[in-house]
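Reading through the structure tokens given below for one structure.
The values are calculated or read from the model by the stated rules, or taken from the named source; none is laboratory data. The structure presented is a predicted model; accordingly, all values stated were derived computationally and were not measured. Every residue, glycine among them, receives a Cβ derived from its backbone with ideal geometry; neighbour counts consider all protein chains shown.
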Amino acid sequence: MAEDESRTLWALALAGVSLYAWQTALADTDGVIVRYVGLLAITVGAAWWAGRGKSVRHGSAWPEPATLALGALAALSLWAVIWWAMDATNHVLQSWIGPLAWPRSIAVLDDRVLGVRLASLNYELSVLFAVVLVPVAQGWLLWGRLQPFMTVRLGPRRAVVLTALLGGGLLALSAVQGVAPALPWGTAALPGYALLALLAALATYFSASLWTGVVVHATFAYASFAWQADLFREFAGAGYLSPRWLTVIVLGTLGAMICLQIMRFRRESAAALAAPQKRLCRRGWWPLALLAVMVVLLAGHDASVRRDEAHRQANPAASQPAQQ
């Protein structure tokens, strides 16, 4: 494997390690904006390093506005399905291990950067980072660097699947922990993020542009900030296999498939996306194994947090400090 090709995978793996360490180290602090700034800096640095020295920029062309609109519509169609997968997984984990601690509201955090108090702007800045800046940076790394590389090595279909798995892991590792409103973190978020990454990878493949994948990610994030409370209020008390949820799943999946098919038919030339297939050599699996280890560590940390919260709820008196 050439040095620049190996660098693409190592950039992804090291970004996952750094992002998880960054978010975990700051999980109990008030610095929400600092977490987002670090997330952005690490992701942009990884994407730049992955493409350093390359003369060709794969998938960077700006698609037609109709294609971007189709990507956004596909994300909205699958948005409730993604949250269903996350919440159902969280329900299973809560039954088996315990609940996660209730996240702290960003409205009560004393967030300061270089002495400047940002608490009054926490929500607006969080939306700016989560909906605009972070999807662009992560899209540059995943759909602009990783997916073209995987397409050359494994072919487009396998590249979409592997990019979805790796992208879902990276999104879970980079999520801001323990604050609300924010996109979820932990083991329960993995199925939803993998589904989101799959949709973004398919949109990128069918449109031949990373920007469609960015729009898919950004639309999901915006809808989550705007309508997550309304979604769970509407489906409160409904079983995860109830007709109400299943109707949303079937119709949402159908809508996303229709949007992707329209993208596919609008594509100017399928030959432009064709690439010679090669093998991913053994050294190329080492950074992927490192990323998998980080996901396992994330799952272990998630389980530990859940057990501690379950113990705290079962023994509330023992968890309180002695009062004078």
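Quick notes on this one:
- Arg112 closer than 22 Å to Ala226 by Cβ, among the charged types (D, E, K, R) and surrounded by fewer than 18 Cβ atoms within 10 Å (Cβ to Cβ): no
- Every listed requirement among (1) in a helix (DSSP H, G or I); (2) crowded, with 23+ Cβ neighbours inside 10 Å; (3) of a type outside the set (A, V, I, L, M) is met by Trp185 save one, (1).
- Of the residues Val179, Val127, Val152, the single one that is among the β-branched types (Val, Ile, Thr) and either more than 20 Å from Leu39 (Cβ to Cβ) or at pLDDT 95 or above (or both) is Val152.
- So Gly71, is it surrounded by 21 or more Cβ atoms within 10 Å (Cβ to Cβ) and either in a helix (DSSP H, G or I) or touching a residue at least 40 places away in the same chain (Cβ under 8 Å) (or both): yes
- Check on Ala130, outside any helix (DSSP H, G or I) and more than 25 Å from Ala289 (Cα to Cα): no
- So Val152, is it part of a helix (DSSP H, G or I), surrounded by fewer than 22 Cβ atoms within 10 Å (Cβ to Cβ) and among the β-branched types (Val, Ile, Thr): yes
- Where a residue in region 283-295 is touching a residue at least 12 places away in the same chain (Cβ under 8 Å) and under 12 Å from Leu166 (Cα atoms) and its partner, wherever it lies, is among the hydrophobic types (A, V, I, L, M, F, W, C) and in a helix (DSSP H, G or I), with Cβ under 6 Å and at least six apart: Pro287/Leu9; Pro287/Trp10; Pro287/Ala13; Leu290/Ala13; Leu291/Ala13; Met294/Val17; Met294/Leu173
- Options Ala175, Ala180: the member that is under 29 Å from Leu100 (Cα atoms), under 11 Å from the mean Cα position of the chain (by Cα), surrounded by fewer than 24 Cβ atoms within 10 Å (Cβ to Cβ) and in contact (Cβ under 8 Å) with a residue 12 or more places away in the chain: Ala175
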